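Read the figures in this text as sums done on the coordinates, not as results from a lab. Note that this is a predicted model, so its numbers are computed, not measured. Glycine gets a Cβ as well: all are built from the backbone with ideal geometry, and neighbour counts include every protein chain shown.
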Amino acid sequence: MAATPSPFARRVLDAVDAIPSGHVLSYGDVAEYIGAGSARGVGAVMARFGAEVPWHRVVMTDGRPAPGHELRQLALLRAEGVPLRAPGDRVQMARARWDGGVVALRSS
DNA sequence: GCAATGACTGGTA
DNA sequence: TTACCAGCCATTG
């Protein structure tokens with residue numbers, strides 16, 4: 001079993017686990033969703049305890065997957081039905097971004 | 001308790 | 001579009 005995640009880590013894991021299939025969230029959005037820490041902090045937690053949650057639903061603010069897991073993450077996102085851009089190296093944040101915590105501005 | 005590391009972000013070239 | 005730099009934060013040794 002993995003080491004006991006800190007209160008902050010637990011919060012991050014809970015937020016990532018709350019992301020519905022077919023949607024993604026950026027590291028900075030997760031930090032904002034939990035109202036604590038920052039993208040760096042979320043990334044640090046994901047790197048240690050990300051295996052306990054659907055980490056593949058967390059991408060860069062640019063819609064780019066995490067370094068070292070690009071293929072793995074893209075494959076999982078594609079399987080979830082996430083709108084991808086190009087043959088499959090980037091995610092359409094404008095369409096895949098989850099609006100469950102941050103009421104994004106729906107320009108429509 | 002301090003220093004180093006890293007799955008981050010925004011700005012500039 | 002890609003590449004590089006400085007700032008920010010949590011975890012580990």
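Data table
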read-out: Proximal charge balance of A:ILE19 [Cβ under 15 Å; K/R count +1, D/E count -1]; value: -3
read-out: Amide H partners (placed H, <5 Å) of A:LEU84, local residues excluded; value: A:GLN92
read-out: Selected from A:TYR27, A:GLY37, A:TRP55, residue furthest toward positive end of dipole (region A:8-55; charges at beta carbon); value: A:GLY37
read-out: Size of charge dipole - chain A - debye, nearest 20, with Cβ of Lys, Arg +1 and Asp, Glu -1, no other charges; value: 160
read-out: Shape category assigned to chain A from the gyration tensor of Cα positions, a/c cut at 1.5; value: oblate
read-out: Sequence-distant residues sharing a close amide H with A:VAL59 (under 5 Å, placed H); value: A:LEU25, A:SER26, A:TYR27
read-out: Computed helical MRE - 222 nm, chain A, DSSP H runs ≥ 4 contributing -39500 (n - 2.57), nearest 500; value: -12000 deg cm²/dmol
read-out: Over chain A, relative contact order from alpha-carbon pairs under 8 Å, at least 6 apart, %; value: 29
read-out: Net charge contributed by nearby residues that have their C-beta within less than 15 Å of A:TYR33 (K/R +1, D/E -1); value: -1
read-out: Top of A:GLY22, A:GLY81, A:GLY50 by mean-square fluctuation, Gaussian network on chain A, Cα under 10 Å; value: A:GLY81
